[in-house]
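The structure appears below as structure tokens.
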Amino acid sequence: MGNREDLLAGAKKCLREKGYDRTSVRDIATAAGVSMAAIGYHYGSREALLNQALFALLDEGGSGTGRALVTEENGSAAEGYTRMWENLIEQFRAQPDLWLASVELFMQAQRRPELRDALAGGIAHGRRGNSGILEGVPEEEVSERSARTLGMVQSALMSGVMIQCLSDPENAPTATEVLEGLRALVKVLDAP
């Protein structure tokens, strides 16, 4: 690897270990085994490097959750949805540092307009991806309406369950409880 790649790897390591606000230029340079000046040369600033590292970590984490697409061979839609949630909840528990970093990203975006724009794009992509997973279609076939409804609700559920897993892992919802809660909500909404 070259200095640029080493810096990105060092920044990822620091984000996982220290978080966004507590990671210094010195921390990144030490983790990467390069000079502090290399950060400015390759990325322009600590923030630009940390932002790129954070988005890369989140992208890697999102890929790690996998696509639990439901087909006839895999059982019912409810079984597939439950498996997807089991996978997500396992990821939240297995990599709390990654998901804590994602929460930090939202906080940082409130102070940095350029980061907010990148985050908004990532959220839109996530909504479309969630719709594609649930509908069993490629992302490019997902309608804007589906992304703004089905994808948005799934994204909101994921964020909420993630926060509960991070805040109180012992009492966080299970996949079965998520599905049961959704069914109860539909029942309430369909009541006269």
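The values are calculated or read from the model by the stated rules, or taken from the named source; none is laboratory data. Nothing here was measured: the structure is a model prediction, and the numbers come from that model. Cβ placement follows ideal geometry from the backbone for every residue including glycine, while neighbour counts extend to all protein chains displayed. All accessible areas refer to the heavy atoms of the entire protein, side chains included, with ligands and DNA or RNA removed. Shrake-Rupley method; radii C 1.70, N 1.55, O 1.52, S 1.80 Å.
Numbers at a glance
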| read-out | value |
| --- | --- |
| Ordering of 108-119, 42-53 by burial proxy (mean other Cβ atoms within 10 Å per residue, highest first) | 42-53, 108-119 |
| Residue-wise HN-Hα coupling along the stretch 109-122, computed from phi with Karplus coefficients 6.51, -1.76, 1.60 (Hz; x: Gly, Pro) | 5, 5, 9, 10, x, 5, 6, 4, 5, 5, 5, 4, x, x |
| Directionally averaged projected area (convex hull, Cα atoms, the stretch 1-42), nm² | 2.5 |
| Solvent-accessible area per residue, Å², over the chain with all protein chains present [probe radius 1.4 Å] | 57 |
| Gyration tensor (alpha-carbon) shape descriptor, the stretch 82-190, a/c threshold 1.5 | oblate |
| Of G19, G181, G129, the one that fluctuates the most in a GNM where the chain has Cα springs shorter than 10 Å | G181 |
| Fraction of accessible area attributable to carbon and sulfur, the chain (%, probe 1.4 Å) | 55 |
| Relative contact order (%) - the stretch 40-192, alpha-carbon pairs under 8 angstrom, separation at least six | 24 |
| Correct option for Rg and Dmax of the Cα atoms in Å [calculated from the coordinates] among (1) 18.4, 61; (2) 16.0, 49; (3) 18.9, 67 | (3) |
| Ranked by how many other beta carbons lie within 10 Å on average, peptides 6-12, 77-83 from highest | 6-12, 77-83 |
